[in-house]
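To start, the structure under review is shown below, and the notes come after it.
The values are calculated or read from the model by the stated rules, or taken from the named source; none is laboratory data. On a predicted model such as this, the values are computed, not experimentally measured, just so you know. Here the Cβ is made from the backbone with ideal geometry for all residues, glycine too, and neighbour counts use every protein chain on show.
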Amino acid sequence: MTERIRHDGVLIVGAGLAGLSAALAAAPRKVLVLTGAALNHGCSSAWAQGGMAAALGADDAAALHAADTVAAGAGLVDAAMARLLADHGAEAVRALADLGAPFDRDAHGGFVQSLEAAHSRARVARVKGDQAGHAIMEAASRAALAASHIEIRSGLRLRGLLLDAAGGVRGVVVAQDHGGLLEITASAVVLATGGIGGLYADTTTPPELRGEGLGLAAMAGALIGDPEFVQFHPTAIDIGRDPAPLATEALRGEGAVLINAAGERFMTGYHPDAELAPRDVVARAIHAERIAGRGAFLDAREAVGDHFPVEFPTVFAACLSGGIDPRIQPIPVAPACHYHMGGIVTDADGRSSLDGLFAAGECASTGVHGANRLASNSLLEAAVFGARAGVAAAQTPDPATQATRRLIGADLPEAAVQDLRQAMSRDAGVVRDAEGLTRLLRMIDDLQATHGRGGVLSAARLVAACALARHESRGGHFRSDFPQTSPDAKRTFVNLADVDQDARLRIAAE
């Protein structure tokens, strides 16, 4: 028998920075936060190394930050949303500092800011070089635990959504650690379930983040935006780990260079900005060098050297754990899935196309990232749009209709998940083509026929199908069979039913 409880307030699924920002901003409305892992674990926010981008310097302005965001997004950024993000950047950083996030400061008390790829100014606020995400999440977690209006329950994994007769979202179904399902109804539901890194064998994110929130929202009929656009971080540390440790982009901002096995720099042959080229360019260059057998290494011996333990302690520890001393050795690197630009389409206040459902953070598609997220805009988006979603959700009146049915996704066995991850990295990775994407979709069809439709397979299908449908290369989406960028820049807006219809037509034509 399934237990059902009623929460009189805002229900938030996910306790990364977006979820906690929404929870804090929803005050004084009661908030229930659900998380599968313990607080500050199992979320990408805590793993972010670079920091938060914001126009904090005297030589910077929100308009410049917004312009860089638009330029990096390769024609698909919603300029108004990018300006909204940038306008609230400095405020968001200061608010987190007020919560106790120990951003690096200069002798005058100002924020130390570093330069990262595709930024025209040094504007990334950091913590001890590479510990921003962990430190920010510690501060946000302390604030959430201390807030009287917030209740946090861990050990609950999202399995489904509760819907009314018109398709509005009225709650969620979660699996409990001790077994059994629990239905929770609420005035408003905010999905802050993170990205899709766990769909890939090569990833820098917590592997449990497999797109369930995105997939379940799509199964319920939510509008999805730009699912084909996946960002691959160029410099995952290649030491055979799952997930792969990350060598932060800030290292390249400090002057680290990319070399091949012969010790030769190669980025100057791919882009005039060399190591500070946009991430998609750097990722493809490293991929090409590795495929050609020349290898790829990040050389920070001169740029950082003996200062590694103090300036980049997380990277230093990861390297040592894999037998690499970055003070005296180049770091072997490879591209890995790092961030999903696509997601559940929302407005500026986190509202999705489904009544009662909000989304924030990486599972949402606000339009600020376009085809290629600007470095260190992810924590900023989580904070800014997470808070806006929390405010809007808290102002949502109790629904006039009640949940009448539940939509539960089928669980995919772990062995099948691992097979899917290998196929996603191979066929929907840094370089894609029709043959590989078609092969991947057939595999997804077979898995769904065997195990049923669920959030994981629905998320994977959206990525693969929309990548197959986009006959161009743009930002993080590169098609070797369509290497040119179309002059007509169009975002993808799709429902899962549209993808199913395309699949039926494709199969009928074969």
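Taking the stretch 62-105, which residues are assigned to a loop (DSSP other than H, G, I, E, B) and either over 24 Å from S141 (Cα atoms) or polar (S, T, N, Q) (or both)? The answer is G73, A74, G75, L76, V77, D78. Under the condition of being more than 18 Å from N377 (Cα to Cα) and either part of a strand (DSSP E or B) or more than 21 Å from the chain's Cα centre (by Cα) (or both), the residues counted in the stretch 226-239 number 3. For S141, the requirement of being assigned to a helix (DSSP H, G or I), among the hydroxyl-bearing types (S, T, Y) and either in contact (Cβ under 8 Å) with a residue 40 or more places away in the chain or under 23 Å from I12 (Cα atoms) (or both) is met. Restricting the stretch 34-78 to residues that are among the polar types (S, T, N, Q) and either under 18 Å from H340 (Cβ atoms) or crowded, with 23+ Cβ neighbours inside 10 Å (or both) leaves a set whose member that is nearest to the chain's Cα centre (by Cα) is S44.
Being closer than 30 Å to I408 by Cβ and part of a helix (DSSP H, G or I): is that true of G9 here? Answer is no for this residue.
All of G171, G160, G167, G194 fail the test of being under 21 Å from A392 (Cα atoms) and part of a strand (DSSP E or B), apart from G171.
Scan the stretch 31-41 and tell me whether some residue there is in contact with an Asp or Glu (Cβ under 9 Å, 6 or more places away or on another chain), in contact (Cβ under 8 Å) with a residue 40 or more places away in the chain, in a loop (DSSP other than H, G, I, E, B) and farther than 30 Å from D106 by Cα.
yes
Scanning the stretch 356-370 for residues that are part of a strand (DSSP E or B) and farther than 8 Å from I344 by Cα returns L357, F358.
Considered as a group, the residues in the stretch 436-461 that are among the charged types (D, E, K, R) and either touching a residue at least 24 places away in the same chain (Cβ under 8 Å) or surrounded by 22 or more Cβ atoms within 10 Å (Cβ to Cβ) (or both) include one that is nearest to L158 (Cα to Cα), and that residue is R453.
Checked against (1) crowded, with 21+ Cβ neighbours inside 10 Å; (2) modelled with pLDDT under 95; (3) not assigned by TED's automatic domain parsing to the domain that holds N372, D242 passes all but condition (1).
Residues that are over 19 Å from the mean Cα position of the chain (by Cα), assigned by TED's automatic domain parsing to the domain that holds H178, surrounded by fewer than 18 Cβ atoms within 10 Å (Cβ to Cβ) and among the hydrophobic types (A, V, I, L, M, F, W, C): does the stretch 116-128 have at least one? Yes, the stretch 116-128 contains a residue that is over 19 Å from the mean Cα position of the chain (by Cα), assigned by TED's automatic domain parsing to the domain that holds H178, surrounded by fewer than 18 Cβ atoms within 10 Å (Cβ to Cβ) and among the hydrophobic types (A, V, I, L, M, F, W, C). Looking across the stretch 339-356, the residues that are touching a Lys or Arg at 6+ places or on another chain (Cβ under 8 Å) and farther than 13 Å from G73 by Cα come down to Y339, A348, D349, G350, G356. With the structure loaded, tell me whether V430 is buried (at least 21 other Cβ atoms within 10 Å of the Cβ) and part of a loop (DSSP other than H, G, I, E, B) or whether it fails that test. Considered against the rule, which asks whether it is buried (at least 21 other Cβ atoms within 10 Å of the Cβ) and part of a loop (DSSP other than H, G, I, E, B), V430 comes out as yes. Of the residues in the stretch 245-255, none is closer than 30 Å to A410 by Cα, charged (D, E, K, R) and in contact with a Leu (Cβ under 7 Å, 6 or more places away or on another chain). Only one of the numbered conditions (1) surrounded by 17 or more Cβ atoms within 10 Å (Cβ to Cβ); (2) in the same structural domain as A92 (by TED's automatic domain parsing) is not met by T401, and that is (1). Residues in the stretch 202-217 that are in contact with a Gly (Cβ under 8 Å, 6 or more places away or on another chain), outside any strand (DSSP E or B) and buried (at least 24 other Cβ atoms within 10 Å of the Cβ): D202, T204, T205, L209, R210, G211, E212, G213, L214, G215, L216. Comparison of D411, D398 shows that the only residue that is touching a His at 6+ places or on another chain (Cβ under 9 Å), under 17 Å from V172 (Cβ atoms) and not aromatic (F, W, Y) is D411. Can you say whether A415 is over 18 Å from the mean Cα position of the chain (by Cα) and in a loop (DSSP other than H, G, I, E, B), as far as the supplied structure shows? Here the answer is no, as A415 does not meet what is asked.
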